[in-house]
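Everything below concerns the one structure shown next.
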Amino acid sequence: MITNLIQSSLSDSPDENNPTDENSPEENQTVATSSDSVATSSSKGNMYSLKDRVTDYWQRTSLRRKTSLVALAIGVLPIAVVGGVAHHLAVRSLMQQIISDQESRTFDIGQKVSLFTNHVISDAETIANSPLLKDPQLNGIASEEQKVTMLDDFIQEHPSERYDSIAVFDPNGKLLFQSGSANPLDANVNYGKHDYFQRAISTKTAVVNDPEIHSASSKNTLVVAAPIEENDTGKILGVVCLRMPLSHWKQIFKYVQAESWEYKLIDSESRIFDADEMENVGRPAGIDLEDLPQLQAKIQTQQKNSNRNQPLSATQVMEDKDDKEQVLVTLSSIPETEGISPPGWMLALSHPLDRAFAPLRQLRWTILIGTGSAALLVGAIATALANRAILPILAASEAVRKIGQGELDTYLEVRGQDELAVLETNVNKMAQKLRNLVDYQAAETERSQQLKDLTLKLSRALNSEEVFQMAVEEIRKALAVHRAAIYSLEPGGKGRIVAESTAENWSSLLEAESTELDYLDEYIANKQSNKVRAISNIYQADLEVNHLKQLAAFSVKAKLIAPFSTGKKTQNLLILHQCDAPRQWQQAEIDFFAQLTSQLVLAWERTNLLQQQQTARQELQERALELLMEVEPISQGDLTPTPLSLKTKLALLPIPIILQLKACVRL
């Protein structure tokens, strides 16, 4: 299946074969035919004429051009061929890996669904095997209240499953008793007509229904029916039905949904009983993916010829009619789940094609650019050093092929300082750049996640103190430094540390006798110091002696400083200290530090605005209460004049406050 898909994606356009040879006008002029008897000799004459012309052109061409053409062919063609082979092999391998990963993910989720369903079946069988239900004597002695209590206790003892209802029926489908439920079953309805009920009695095993929307709760529910057999005779005494909303197993799919994957669970009647798009629940399997029924029929055919418990899958590119895009769909059977009507459940997992094959496009561009650059360079060197360039070029071609296959640790030994050495160096640089690209992308992803996490955490802070403290703790961890602090210079001119986070075994600025750092006041006073300042080694920087002493007292070897303002007058510094050794700050780290500082300022502005709104609201409420207390005596008939009438007081209030006061009075 994978091979077919790859071949269909990689297939070249068909060869264009021309069964007839047409002579050019010049050839027709050079060949004279007077009768059909000389047709064969005329064709041979055309062939010889073309050969003679090629020979004549080669003999008239200069030796330099001949050498250049041969050298160019020897130098460029191997790299082009190796690059094409590397592209073909790399694309084929990567497509196999992408499809294999998607099928493995589908198998894994299907296995989780199977385990989850089997667990519910096991619980239903546990209840059905209860002596209180299987033993006729105990069943006759126990009251209905005791039986209901047993069911309620079972639900309470299994809170993680979130069972909605447990009911016990007689063999004819009449409800005998049920557990407490927000959506109880109707005692007047005969449930014996349900397919899963009849299968449980006929097979004497626990069975599972194809999930459907429950009429009472309007929720998609899973029902497991387990027969109650008498201990001695095996006679069917009744059926236990365990009901659970499917919303509980949404946890199984939350990780794939977070990565823009879509899923559909298909029942034995080829209808969707659960999906990420709930509007598709209860509809045919092909409502969104038109080719899905054909893929399902293919797997069902394979199931007939193999073990039903063996997971089978198929992958195909389809058109998502709802999202109007091409998607890569993997359909897999869900094995090892007992009690489901044949042919069983299936899981369809789809991913947008542009995202699924994004690594493939990047690989193609990398190989194209790398191979093209190498081919141009090798061609230039081969033109000047034809005979000498052959063996080194082949070595370079092999290296490019390995890099194209993903062996980024490939290294060429550089010898000398000529053009061949440059070629070997550039191939090594290409491999190093690819490795750096992979490392850089991983680091950028991690920084983006850290920035997102910091923003989310800071948004929960209620005041500026929480913002500052939370910020220094998270920033210290994100940049892996030993100390992070915020230094604030108040309008009065006195600076102090307002927040600090220190790694274990390193001294704290807040625990020092004085947190006044004179050099920081000078740094803030310098109005030009409005950018991040990075010092990799304090002893190699142009720092004053007093400054160095204050840093050395806290074992500082390197630091980062970012200024920011809170309010109109208060100036602050966000400081990071590296204490064990000097640290060469990378530009990416400096930029990331600046981004973190910006998020800190935004979080402070948000909390400050919230505090101002709360203060204004509280003052308004207090003023409204005072005015209402003055109005209260008048409403009670007390018309005793006051030094200043209420009307006059209201007239003195600003119009916005009067409007808000009216709103408060209405409330």
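The values are calculated or read from the model by the stated rules, or taken from the named source; none is laboratory data. Source: prediction; values computed, not measured. Because the Cβ atoms are built from the backbone with ideal geometry, glycine has one as well, and the counts that use them run over all protein chains shown. Keep in mind that these areas ignore ligands, DNA and RNA; they rest on the heavy atoms of the full protein, side chains included. Shrake-Rupley method; radii C 1.70, N 1.55, O 1.52, S 1.80 Å.
Quick look at the numbers
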read-out	value
Residue in the range 401-459 that is nearest to Leu596 (Cα to Cα), counting only those that are in a loop (DSSP other than H, G, I, E, B) and open to solvent by 70 Å² or more (accessible area, probe 1.4 Å)	Asp409
Which numbered condition Thr106 fails, given (1) open to solvent by less than 10 Å² (accessible area, probe 1.4 Å); (2) over 30 Å from Leu331 (Cα atoms)	(2)
The listed residue being open to solvent by 30 Å² or more (accessible area, probe 1.4 Å) and not in a strand (DSSP E or B), out of Leu551, Leu596, Leu543, Leu602	Leu602
Conditions (1) open to solvent by less than 50 Å² (accessible area, probe 1.4 Å); (2) free of Cβ contacts under 8 Å to residues at least 60 places away in the same chain; (3) under 30 Å from Leu437 (Cα atoms): number failed by Ile299	(3)
Test result for Ile590, among the β-branched types (Val, Ile, Thr), under 26 Å from Asp453 (Cβ atoms) and open to solvent by 10 Å² or more (accessible area, probe 1.4 Å)	yes
Residue list for the range 460-496, filter: under 22 Å from Gly567 (Cα atoms), surrounded by fewer than 16 Cβ atoms within 10 Å (Cβ to Cβ) and aliphatic (A, V, I, L, M)	Leu462
Residue within the range 222-230 that is at positive phi, in a loop (DSSP other than H, G, I, E, B) and open to solvent by 10 Å² or more (accessible area, probe 1.4 Å) present	no
Restricting the range 554-581 to residues that are modelled with pLDDT under 85 and of a type in the set (D, E, K, R), the residue that is most open to solvent (accessible area, probe 1.4 Å)	Lys568
Selection from the range 231-258 of residues that are outside any helix (DSSP H, G or I) and touching a strand residue (DSSP E or B) at 6+ places or on another chain (Cβ under 8 Å)	Lys235, Ile236, Leu237, Gly238, Val239, Val240, Cys241, Leu242, Arg243, Met244, Pro245
Residue match in the range 435-446 (condition: of a type in the set (S, T, N, Q), closer than 26 Å to Ala471 by Cα and out of contact with any Gly (no Cβ under 9 Å at 6 or more places or on another chain))	yes
Checking Leu510 against (1) under 28 Å from Leu551 (Cβ atoms); (2) in contact with a helix residue (DSSP H, G or I) (Cβ under 7 Å, 6 or more places away or on another chain), the condition it does not meet	(2)
Tabulated pairs, the range 80-94, first surrounded by 14 or more Cβ atoms within 10 Å (Cβ to Cβ), second outside any helix (DSSP H, G or I), C-beta under 7 angstrom, 6+ apart or interchain	Ala86/Gln405; Leu89/Gln405; Ala90/Gln405; Ala90/Gly406
Qualifying position, being under 18 Å from Ala484 (Cβ atoms), touching a residue at least 40 places away in the same chain (Cβ under 8 Å), in a strand (DSSP E or B) and of a type in the set (Val, Ile, Thr), among Ile575, Ile590	Ile575
Search result, residues across the range 46-70 that are among the hydrophobic types (A, V, I, L, M, F, W, C) and modelled with pLDDT of 70 or more	Leu50, Val54, Trp58, Leu69, Val70
Selected residue (criterion: modelled with the highest pLDDT) from residues of the range 529-540 that are part of a loop (DSSP other than H, G, I, E, B) and closer than 22 Å to Val498 by Cα	Val532
Any chance Ser332 is touching a helix residue (DSSP H, G or I) at 6+ places or on another chain (Cβ under 6 Å), open to solvent by 10 Å² or more (accessible area, probe 1.4 Å) and in contact (Cβ under 8 Å) with a residue 60 or more places away in the chain	no
Subset of the range 302-319 that is without any contact (Cβ under 8 Å) to a residue 40 or more places away in the chain and in contact with an Asp or Glu (Cβ under 7 Å, 6 or more places away or on another chain) - its residue that is nearest to Leu349 (Cα to Cα)	Met318
Every pair of residues 6+ apart whose Cβ atoms lie under 8 Å, when the first sits in the range 182-198 and is closer than 17 Å to Asp152 by Cβ while the second is surrounded by fewer than 12 Cβ atoms within 10 Å (Cβ to Cβ)	none
Subset of the range 178-200 [surrounded by 15 or more Cβ atoms within 10 Å (Cβ to Cβ) and charged (D, E, K, R)]	Arg199
